[in-house]
Each structure stands twice: as C-alpha cells, then as structure tokens.
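Nothing in this text is a laboratory measurement; each read-out follows from the coordinates by a stated rule. This one's a predicted model, so the numbers in the text were calculated from it and none came from an experiment. Using ideal geometry, Cβ is built from the backbone for each residue, glycine included, and neighbour counts are taken over all protein chains shown.
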Amino acid sequence: MSDLDRALAAADDSLDKSLERLFALLRIPSISTDPAYRNGCREAADWLRRDLATLGFSAELRETPGHPIVLARQPKAGGPNVLFYGHYDVQPVDPLEKWETPPFEPRLATTKAGKQIIVARGASDDKGQVMTFVEACRAWKSATGSLPCGVTMVVEGEEESGSVNLPGFLEEARAELSADVALVCDTTMWAEGAPAITSSLRGLLYEEITVRAADRDLHSGMYGGAARNPLHVVARIVADLHDDQGRVTLPGFYDGVPDIPEEVREQWRGLGLDAETFLGPIGLAVPAGETDRMVIEQIQSRPTCDVNGLWGGYTGAGAKTVIPAEAQAKISFRLVGDQDPAAIRQAFRAFVRERVPADCKVEFTGHKGSRAIQLPFDSPALAKARDALQAEWGAAPVTIGSGGSIPVVGDFKRTLGLDALLVGFALDDDRIHSPNEKYDLESFRKGTRSWIRILAALAG
C-alpha cells in the first residue's frame, strides 16, 4: 500500500473514534456573540489546543480582546506548507423550542431517506468541517508518523461575531503564518455527492444617502407641485442606476471586470442552474441581472448594485399626506475582478450629486469596502485539489464563485499574500444558523478522506 492508501485506511478504521472527538467538541456551548458563553468559547479553544498537541503540533492559545485564537504549527523544512483556517464558535440556538433535541447534545439520526446525519449546533458550521481536517492530519500521523506537508492551523472564536480581532492577529503573527497556500473549510458542496472548490469571492461596497429638501415635512395639499419631494429625488437616483439590459450605469463601473474562461463557462452551463431552478423555489421567474448573462454568472462572477433600503415620510398605519423633509436609501455593490471600491464610491457619489436639484442637499455615509478575491484559474494548487477531489468523489468538482464575501480570505491575501482554496463539505440543507443544524455523516467521512488526498496532492 502507498502512504496515501494507508492514511485513507486509517481514517476509515478510526471513524467511530473521530465521531467521539467531534461529539466532545460539539458538546461545548461556544456561542461567541453572547457574553454568557465566554467560558464555553475558551473551553472549546482549549479542547482543540490539547487535541492538536497530541498530534505533534506546537499548539497554543493566542489571546485577543475577545475570544482566544488557536494557533497550531507543524512546519516542514523545504515545504510545501499550508495554512488551514476554521472557527470553533457557533451561532446562538434561538428559538430553542424549535430544536427536536438539546442543541449541545449531539446525536446521530437517520433521515426519512435513510441517510445518517449528525445533529447539533456547530455540526456543519464549522466544528464538523474543522474536524474533517484535524482527522485527516491524525490519519496521516497514525499511518506514516508524519504529515505529507507542513501545516499551520488558525482556528478562531469570533467568526460568527465579525472576526473583529482576526486581522490584528494575522498582522502580529505574520512571520509564523508563512505558507504556500491557505485552505478554508467553511463552504458548501455544489450538491450531494458533487464536490466544489470556491475560487472567487465578490467584494463589497456599501453606501447610504440622505437627501434633504424643506426644513420640515410639508402638507402635500398646500405644497404639492411646488416643493421638492426628496422621495422623488431618491427614486430617480435609484431608477437611473440600471439600464434596460440590467447593466449598472455608473461611469467606469465595469473597469477591471474580467470575463471567465470559456471552459469554466461551459462547465457552469452544464450545471443546469437556470431561472426555473434558481428563482422558481422563491416564487420568481425572470432574472433581473444582465440580459446577456446566464443566471449562474449573474450570481457568481458579475458585479451588482442593489437597493437594500429606501424610506422617507410617513410609514405608519393609515394616511398622512405629507411631503417628507428627507429621504434615505441604502445601496450595496458586489464587486468582482479588479474593481476598485474607492473608485466606485467616488463614481457613485458623483452620479448622485448630478441628480440632486439645487435646492436639495445630499449626505453620504460610507462603510468600509473590500475588493474581490480571485484564485487564478491556472493555479497549480487549484488543479491539484481538483484532481484529489475527483479521485475521492468520483465526480469532477465544480469550480464556482461565491456571491457573498468571506472577509478572512481577503485578510489572507492582503496581510499574508496568500491565495486561498475554499473547499467545504456542507450541504445547502444543513440548516446552519437554524434549529436542528445537521451534518451528513458521509460528508464528515468523505470530507476527512478528501483532505487526506488534498494534502498528498499539494505535497506532490
């Protein structure tokens, strides 16, 4: 048997023990957003520290103003070296009455379809996924006495509360976190039995505008037709942000937006994610994005502009005929490629000012923007991970983009200069953040085996 085969066999042979360890971690109530569970967060961090120390890692807790970060290192001279990221904190369990069993008493259950699942808060997000990687390292150590490549692990306790202390830690520990690539296990598969690698994340820019006109709300019967209505002004601004083809009309908005390679587009075309399958379940039918783009492109690889809130005047029950003194809107942009949040902010504000009448004033409230993240499509690490996943699952993994933003990936790139492979084994129906969160037992088993193969592939 090869070393890889021995490691895979070791993981299968110790599945019951792996579940015991996962259940021990799941029993710890590590809710980061609730101060009442501060001790639980520390207990979970220390449990991981002690467990990783048994595998030969130099493991310690790094204190932060919030919850501690687990830092574990087992470098390999000459490399390659990988940096793995996950989080041990979990979401609150409310509403508790919706849980079929207590959320911190993990159990194995069988679904109506006959699948075995692990039920507990954190089973999928993210303790179960973290432990797939830990158990992969354990299998390598058990089978061969060493890891195939150097491994550094960063497992934080504040992901569910904004990761506010992680950027500072990465800056302070930069020298200790040197690696060739980052690995993140906090994402989903494309579908059951269909692995996925998330290779891109859209960036984000968020702006708020307030348009003011008269010095008070006005009687619409007395002033209507003569006095400027800020709601009309804001409505026009919002309407002008898109053309009839669904494109954003800000000058220069598409600067730095790349086209995906044709082979990736062809792969996406074969996934069957069309308007009916994506929009139908939420009661919609007609895509609202760029008319010359597939739905999957609209949500993964194209930039967007959305109005997240629009209000002004009287919004209570019944009628009140006023012209409001002010109107407000919240607008967000999802960014791709090399789009520059600062340049788009400047273009947006100029766009708004051009549409504000002389007797109105506009105020802007800006929030921190983040650039998009794109792993090069020709990345050797991406190719190796793809081959490893195909060998385990018997199906070519889907290389997908994410419409959301995962801040830690941007922090890895900006602070450490690392590209990140996002490989996760959760499923869309895992009920993360909801009562009765679950993780498929097969996802846990094959997730562990997948990391065993990925580590071998990255080691060459």
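So here's what we get for this one:
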| read-out | value |
| --- | --- |
| Under-5 Å amide H pairs with Val82, H placed in peptide plane, nonlocal only | Gly150, Val151, Thr152, Asp180 |
| Inverse mean reciprocal Cα-Cα distance (Kirkwood Rh) of region 362-432, Å | 14.8 |
| Cα-based Rg / Dmax (Å) for region 393-460 | 14.6, 42 |
| Rotationally averaged projected area of region 209-278 (alpha carbon convex hull; nm²) | 8.9 |
| FRET efficiency for Glu100 and Asp34, using Cβ-Cβ distance with R0 set to 22 Å, rounded to 0.05 | 0.50 |
| Using alpha-carbon coordinates, inclination of helix 15-26 to the longest axis of the chain, degrees | 40 |
| Fewest-first sequence of Glu207, Glu262, Glu43 by Cβ atoms within 10 Å of each Cβ | Glu262, Glu43, Glu207 |
| Scaled radius of gyration (Cα, divided by 2.2 N^0.38 Å) that region 1-117 gives | 1.30 |
| Zone of Gln245's modelled label, taken as backbone nitrogen in region 256-280 under 18 Å from a point 7 Å along Cα→Cβ | 256-260 |
| Residue order, fewest to most beta carbons within 10 Å, for Tyr254, Tyr85, Tyr37, Tyr439 | Tyr254, Tyr37, Tyr85, Tyr439 |
| Viscosity 1.567 mPa s, temperature 4 °C, Stokes-Einstein D of region 261-363 from Kirkwood C-alpha radius, µm²/s | 74 |
| Pairs of Cα atoms farther than 40 Å apart, the chain, % | 28 |
| Neighbour-count ranking [beta-carbon atoms within 10 angstrom, fewest first] of His232, His219 | His219, His232 |
| Filter on Lys112/Lys141; Lys76/Lys446; Lys112/Lys384; Lys141/Lys384; Lys76/Lys115; Lys112/Lys446 - keep pairs with C-alpha separation over 29 Å | Lys112/Lys141; Lys112/Lys384; Lys76/Lys115 |
| Filtered trypsin sites (Lys or Arg not before Pro), region 174-262: DSSP coil and at most 10 other beta carbons within 10 Å | Arg216 |
| Nonlocal amide H pairs with Ala196, under 5 Å, H built at 1.01 Å | Trp190, Val398, Gly424 |
| Rough spin-label spacing in nm, given labels placed 7 Å along Cα→Cβ, for Arg6 and Ser58 | 2.6 |
| Pairs of Cα atoms farther than 16 Å apart, region 376-416, % | 54 |
